Amino acid sequence: MPATIPPPVAAAAEKIANDPQIAALLKDQSTDAAAKARWNQFLELVRIPSPSRQENLKAAEIHRRLVAEWGFSPSEVMTRADGVIEASDTNIVDGLPVYNACVVIKGSYSGRADAVNYKGQFPKVLVEGHIDVVNPEELPKTGDPSIRIKLQPYAQPVVATPEELAAIPDELSFDARGRVVENDKYATASKVFANAKDAEANGGVRIYVPGYGDMMPSTSNAFVLAAAMKKHNIKPVYDIWICGTAGEEGKGNLAGMKQLYGFDQKAGTGSNPLNFVANFGLEGGGTVNFLGSYRFEMKFKAPLPRGGGATGPSAPEAMAAAIARISDVKTPSELRDGAPRTTYTVGRASCEPPPAGRTVAPSCSLEVDMRSPRKETLDEIRNNIEPMFQAGASAENARYGRKDGSPEGITLELMWYGLRPAFVADNVDNVAVHAGLQSGIQLGVLTSPMVGAGSGSLNDNVPANTGIPTYQFTLASSAAGAGGHAFWEWGTRGAPATEVARMHRVLTAALIVSGFHAADGTVVPPAVGPLGKRTREVAR
Amino acid sequence: MKRLILSLAFLVSVAAAATPAFAQQSGGLRVDFQGPGGHSSGAYGRVSALHAAARAVILIQKALPAGSYQITNLTGGNSVNSIASDGLIEIKLTAANAAAYQALVAAVTKAAADGAAAENAFRGVKPGDLTSGAPATVRSFVKPS
């Protein structure tokens, strides 16, 4: 789908991309020392475990570095250690605090006599990447929580089991302050390659660590960009917030974005309490359509055991009956040519341990994920799968002649329900898409203002469904990688120059929207008005 | 007479306890499933170790006599939005004697392998296939717990 780039956006892109202040920032980031600093920062952050809704350790380290190392004052850090953003009306999501880590590049707009605000909030542009990772599943209760980063030569096969991964002898080392030790293993891991073939032929290694592909290199570089903007005194007109966001993975339910956009899942509305005017995500390339998803956590509860050791319906077997039914489902796209790609999986299951002295699991729970870019096909897969929860319970009850719903049978309880509303961009002429495309055209990455038809399930679901224009980039550079969301997630370092080029594009796009004080004293005006969209008024 | 019968029954039970081949035997098994896992959407089409484990439970129900087993745990996966790379069934078995117990173990082992095979067949993968360099199939492993 083509977009029509307004001439002022094209002019702004040319002006910003060639500004001497921007050039100085990029030159600074192009040195070997800067490339090494980015690489080390990534390695040091990615090893901090950050399960969804337990991102406090990683957020705390980012908060610490923002002030102690990256040049910001405490007042420029917009998120608190307890998870609160003071101006948000949504600081608790699904009953839990939200561990975002955000910093502001202060703009000039609020100092204007005629500045417009929304309930005290001046306009902002958000640049964000998530900091949560699916592995490990939870923070360890005791001991050093840090993840071991394993190194494996390409000549060896990809590991087949977690045990094989743990047995790899070579790993990176870190000192007591969490700094990577620059030993021979570090030197091997730090080699730069063009692609997997190059790495395989020239001594590359697979670097195994959760988050390598999804998506810490990009998020870490967002904070590099923030620090560089601060150092080089890049001055936008509207504020730019750069955030590491929580809750994108697992049961996170997009908690970080819901806090930032005041999104109420039940109502399906966002209050946009901070008054963002545009959103830029850092997890992909140019995505503007966002997959919808339904997620359920269902608990299968066993009846109390009868006396005398008599057997009865089993929670594990009821859950197994449900999962086995779901496992045979064919999605609309598997059944019909032309149907939107639709997917599902039972991602996780667990059982409550039997009480001491007993062997009956009191309950078991499963979590299922369903996705499709269109509501119709998403509802179709939901309508197929959802009855299978009860079908599993009923089948187990029937084996013992128990009635559904009776105290002597398996009962079902909905524990959690997740919704990512689907979003299909019927019109791509908005400020985020214009800035995203034109920054690419200006820098020679794109040749035309075309938007792809693909869909992703990303943080952007929330702003898109709140009416905020959004576009996707990446700041990562990997030569190769695989195993995302699995125990064998790995990557190999790519060219640092690619990171710098991507920083150039993201910086250009963000400043097109926010406006920019150029080195020649002129001001590139913001590409959008000062009031962000919302689908609900803020409760404040 | 009644006392004599009770005494004989006692002697028989003691003798049975000292002779494992004729003693009731119970124990636990741990049935692990290992697959490639991956992103629930991006890697859709890969096999699920958890789906395989659930398929195996249904096969266990069909293969083992009622009362001979109890499944105490079924678990797997690391997040709702990931295809499960691991699955686990924990099961307790009870048999009249050691031979019968071994028959139960064999039945569970077969059910586990068949559950994994059914999941592999549903997703069209076979032993030796790779996905992004990793083994594409789900495999089962049975050992005493």
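The values are calculated or read from the model by the stated rules, or taken from the named source; none is laboratory data. All figures in this text were calculated on a predicted structure; none of them were measured in a lab. Ideal geometry is used to build each Cβ from the backbone, glycine not excepted, and the neighbour counts take in all protein chains shown. What goes into the accessible areas is simple: the full protein's heavy atoms, side chains included, and nothing from ligands, DNA or RNA. Shrake-Rupley method; radii C 1.70, N 1.55, O 1.52, S 1.80 Å.
If you scan the stretch A:271-283, which residues turn out to be open to solvent by less than 20 Å² (accessible area, probe 1.4 Å) and within 18 Å of the chain's Cα centre (by Cα)?
Residues of the stretch A:271-283 open to solvent by less than 20 Å² (accessible area, probe 1.4 Å): A:271-282.
Passing the criteria: A:Ala278, A:Asn279, A:Phe280, A:Gly281, A:Leu282.
Inspect the stretch A:440-452 for any residue being away from chain B (no Cβ under 14 Å), over 30 Å from A:Pro7 (Cβ atoms), touching a residue at least 24 places away in the same chain (Cβ under 8 Å) and small (Gly, Ala, Ser) and give the result as yes or no. Don't jump to the end; show me each part of the working.
Applying the first criterion (away from chain B (no Cβ under 14 Å)) to the stretch A:440-452 yields A:440-452.
Okay, now just the ones that are also over 30 Å from A:Pro7 (Cβ atoms), so none.
No, there is no match, as no residue in the stretch A:440-452 is away from chain B (no Cβ under 14 Å), over 30 Å from A:Pro7 (Cβ atoms), touching a residue at least 24 places away in the same chain (Cβ under 8 Å) and small (Gly, Ala, Ser).
Tally up the residues in the stretch A:9-55 that are open to solvent by 10 Å² or more (accessible area, probe 1.4 Å), in contact with an Asp or Glu (Cβ under 7 Å, 6 or more places away or on another chain) and not β-branched (Val, Ile, Thr), please.
Adding up the residues that qualify gives 3.
Is it true that some residue in the stretch A:471-490 is part of a helix (DSSP H, G or I) and either assigned by TED's automatic domain parsing to the domain that holds A:Gly252 or of a type in the set (Lys, Arg) (or both)? Explain how you work it out, then say what you get.
Filtering the stretch A:471-490 down to residues part of a helix (DSSP H, G or I) leaves none.
No; the residues of the stretch A:471-490 include none that is part of a helix (DSSP H, G or I) and either assigned by TED's automatic domain parsing to the domain that holds A:Gly252 or of a type in the set (Lys, Arg) (or both).
Could you tell me whether any residue of the stretch A:126-146 is more than 24 Å from A:Leu282 (Cα to Cα), in a strand (DSSP E or B) and polar (S, T, N, Q)?
no
Mind checking which pairs have a first residue in the stretch A:158-184 that is closer than 28 Å to B:Gly38 by Cβ and assigned to a loop (DSSP other than H, G, I, E, B) and a second that is of a type in the set (S, T, N, Q) and open to solvent by less than 70 Å² (accessible area, probe 1.4 Å), Cβ under 7 Å, 6 or more apart or different chains?
A:Thr161/B:Gln34; A:Ile168/A:Gln152
For A:Ala196, state whether it is within 26 Å of A:Tyr99 (Cα to Cα) and in contact (Cβ under 8 Å) with a residue 12 or more places away in the chain. Spell out the reasoning first.
Working: within 26 Å of A:Tyr99 (Cα to Cα): no; in contact (Cβ under 8 Å) with a residue 12 or more places away in the chain: yes.
No: the conditions fail for A:Ala196.
Tell me which residues, restricted to the stretch A:366-389, are in contact (Cβ under 8 Å) with a residue 40 or more places away in the chain, in a helix (DSSP H, G or I) and farther than 24 Å from A:Gly454 by Cα. Break it down into steps so the answer makes sense when it comes.
Step one: list which residues in the stretch A:366-389 are in contact (Cβ under 8 Å) with a residue 40 or more places away in the chain, which gives A:366-375, A:377-378, A:380-382, A:384-386, A:388-389.
Cutting the leftovers down to in a helix (DSSP H, G or I) gives us A:375, A:377-378, A:380-382, A:384-386, A:388-389.
Result: A:Asn384, A:Ile385, A:Glu386, A:Met388, A:Phe389.
So which pairs qualify, if the first residue must be in the stretch A:206-224 and touching a residue at least 40 places away in the same chain (Cβ under 8 Å) and farther than 24 Å from A:Asp28 by Cα, the second must be among the basic types (Lys, Arg) and part of a loop (DSSP other than H, G, I, E, B), the Cβ gap must be under 9 Å, and the two must be at least 6 apart or on different chains?
Taking only residues 6 or more apart or on different chains, the pairs are A:Tyr208/A:Arg148; A:Val209/A:Arg47; A:Val209/A:Arg148; A:Gly211/A:Arg47.
Being in contact with a strand residue (DSSP E or B) (Cβ under 9 Å, 6 or more places away or on another chain) and either open to solvent by 60 Å² or more (accessible area, probe 1.4 Å) or among the hydrophobic types (A, V, I, L, M, F, W, C) (or both) is the filter here, so list the residues in the stretch A:56-69 that pass it.
Step one: filter the stretch A:56-69 for residues in contact with a strand residue (DSSP E or B) (Cβ under 9 Å, 6 or more places away or on another chain), giving A:56, A:58-63, A:66-67.
Matches in the stretch A:56-69: A:Ala59, A:Ala60, A:Ile62, A:Leu66, A:Val67.
Quick one: which residue in A:Gly286, A:Gly268 is modelled with pLDDT under 95, away from chain B (no Cβ under 14 Å), within 18 Å of the chain's Cα centre (by Cα) and open to solvent by 10 Å² or more (accessible area, probe 1.4 Å)? Can you show your working first?
Details: A:Gly268 fails: within 18 Å of the chain's Cα centre (by Cα).
Within the list A:Gly286, A:Gly268, the selection yields A:Gly286.
So, in the stretch A:325-365, of the ones that are assigned to a helix (DSSP H, G or I) and free of Cβ contacts under 8 Å to residues at least 24 places away in the same chain, which residue ends up nearest to the other protein chains (Cβ to nearest Cβ)? Give the steps one after another, and end with the answer.
The initial filter retains those residues of the stretch A:325-365 that are assigned to a helix (DSSP H, G or I), namely A:325-327, A:332-335.
Checking the rest, the ones that are also free of Cβ contacts under 8 Å to residues at least 24 places away in the same chain come to A:327, A:334-335.
Details: A:Ser327: 4, A:Glu334: 9, A:Leu335: 14 Å.
Step by step, filter the stretch A:325-365, then rank; the result is A:Ser327.
Quick test for you: out of A:Asp144, A:Asp184, pick the one residue that is modelled with pLDDT under 95 and either open to solvent by 50 Å² or more (accessible area, probe 1.4 Å) or in the same structural domain as A:Leu26 (by TED's automatic domain parsing) (or both).
Numbers: A:Asp184 fails: modelled with pLDDT under 95.
One residue alone meets the criteria, A:Asp144.
Table: residues versus (1) small (Gly, Ala, Ser); (2) within 13 Å of another protein chain (Cβ to nearest Cβ); (3) assigned to a loop (DSSP other than H, G, I, E, B); (4) open to solvent by 10 Å² or more (accessible area, probe 1.4 Å).
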{"site": "B:Gln61", "(1), (2), (3), (4)": "no, yes, no, yes"}
{"site": "B:Gln70", "(1), (2), (3), (4)": "no, yes, no, yes"}
{"site": "B:Leu74", "(1), (2), (3), (4)": "no, yes, no, no"}
{"site": "B:Leu88", "(1), (2), (3), (4)": "no, yes, no, yes"}
{"site": "B:Tyr101", "(1), (2), (3), (4)": "no, no, no, yes"}
{"site": "B:Asp114", "(1), (2), (3), (4)": "no, yes, no, yes"}
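When you check A:Glu396 against the structure, is it assigned to a helix (DSSP H, G or I) and open to solvent by 70 Å² or more (accessible area, probe 1.4 Å), yes or no? Let's see the steps before the verdict.
Working: assigned to a helix (DSSP H, G or I): yes; open to solvent by 70 Å² or more (accessible area, probe 1.4 Å): no.
No: the conditions fail for A:Glu396.
When you scan the stretch A:225-236, do you find a residue that is farther than 25 Å from A:Asn117 by Cα, in a strand (DSSP E or B) and modelled with pLDDT of 95 or more, even just one? Before the answer, list the steps.
Taking the stretch A:225-236 first, the residues farther than 25 Å from A:Asn117 by Cα are A:225, A:227-228, A:231-232.
This time we only want the ones that are in a strand (DSSP E or B), so: none.
No, because not a single residue in the stretch A:225-236 is farther than 25 Å from A:Asn117 by Cα, in a strand (DSSP E or B) and modelled with pLDDT of 95 or more.
On the basis of being modelled with pLDDT under 50 and of a type in the set (A, V, I, L, M, F, W, C), does B:Leu6 make the cut?
On the way: modelled with pLDDT under 50: yes; of a type in the set (A, V, I, L, M, F, W, C): yes.
Criteria met by B:Leu6.
Taking A:Glu297 as the residue in question, decide whether it is open to solvent by less than 10 Å² (accessible area, probe 1.4 Å), in contact with a strand residue (DSSP E or B) (Cβ under 7 Å, 6 or more places away or on another chain) and within 11 Å of chain B (Cβ to nearest Cβ). If you could, list the steps in order and put the result at the bottom.
Numbers: open to solvent by less than 10 Å² (accessible area, probe 1.4 Å): no; in contact with a strand residue (DSSP E or B) (Cβ under 7 Å, 6 or more places away or on another chain): yes; within 11 Å of chain B (Cβ to nearest Cβ): yes.
The answer is no for A:Glu297.
Residues to consider are A:Ala501, A:Ala464, A:Ala476; find the one that is away from chain B (no Cβ under 13 Å) and free of Cβ contacts under 8 Å to residues at least 60 places away in the same chain. Quick ask: steps written out before the conclusion?
Values: A:Ala464 fails: free of Cβ contacts under 8 Å to residues at least 60 places away in the same chain; A:Ala476 fails: free of Cβ contacts under 8 Å to residues at least 60 places away in the same chain.
Within the list A:Ala501, A:Ala464, A:Ala476, the selection yields A:Ala501.
Quick one: which residue in A:Ala302, A:Ala321, A:Ala310 is open to solvent by less than 60 Å² (accessible area, probe 1.4 Å) and modelled with pLDDT under 95?
A:Ala310
Quick one: in the stretch A:191-218, which of the residues that are open to solvent by 60 Å² or more (accessible area, probe 1.4 Å) and over 14 Å from A:Gly494 (Cβ atoms) is farthest from the chain's Cα centre (by Cα)?
Filtering first and then ranking leaves A:Ala201.
If we scan the stretch A:432-454, do we find a residue that is open to solvent by less than 50 Å² (accessible area, probe 1.4 Å) and assigned to a strand (DSSP E or B)?
No - not one qualifying residue is present in the stretch A:432-454.
All but one of (1) within 30 Å of A:Ala255 (Cβ to Cβ); (2) over 25 Å from the mean Cα position of the chain (by Cα) hold for A:Gly178; state the number of the condition that does not hold.
(2)
When only residues in the stretch A:70-105 that are touching a residue at least 12 places away in the same chain (Cβ under 8 Å) and more than 21 Å from A:Gln259 (Cβ to Cβ) count, which is most open to solvent (accessible area, probe 1.4 Å)? Can you show your working first?
Quick first cut of the stretch A:70-105, residues touching a residue at least 12 places away in the same chain (Cβ under 8 Å) only: A:70-72, A:76-79, A:81-85, A:87-91, A:93-94, A:96-105.
After this cut, where a residue has to be more than 21 Å from A:Gln259 (Cβ to Cβ) as well, the list is A:70-71.
Numbers: A:Trp70: 25, A:Gly71: 48 Å².
Restricting to residues being touching a residue at least 12 places away in the same chain (Cβ under 8 Å) and more than 21 Å from A:Gln259 (Cβ to Cβ), the top hit is A:Gly71.
Considering (1) among the aliphatic types (A, V, I, L, M); (2) out of contact with any strand residue (DSSP E or B) (no Cβ under 6 Å at 6 or more places or on another chain); (3) outside the structural domain of A:Gly281 (by TED's automatic domain parsing), say which one A:Ile85 fails and leave the rest.
(3)
If I ask for residues that are in contact with a Pro (Cβ under 6 Å, 6 or more places away or on another chain) and either surrounded by fewer than 17 Cβ atoms within 10 Å (Cβ to Cβ) or modelled with pLDDT under 95 (or both), which ones from the stretch A:482-540 would you list?
Correct list: A:Ala519, A:Val538.
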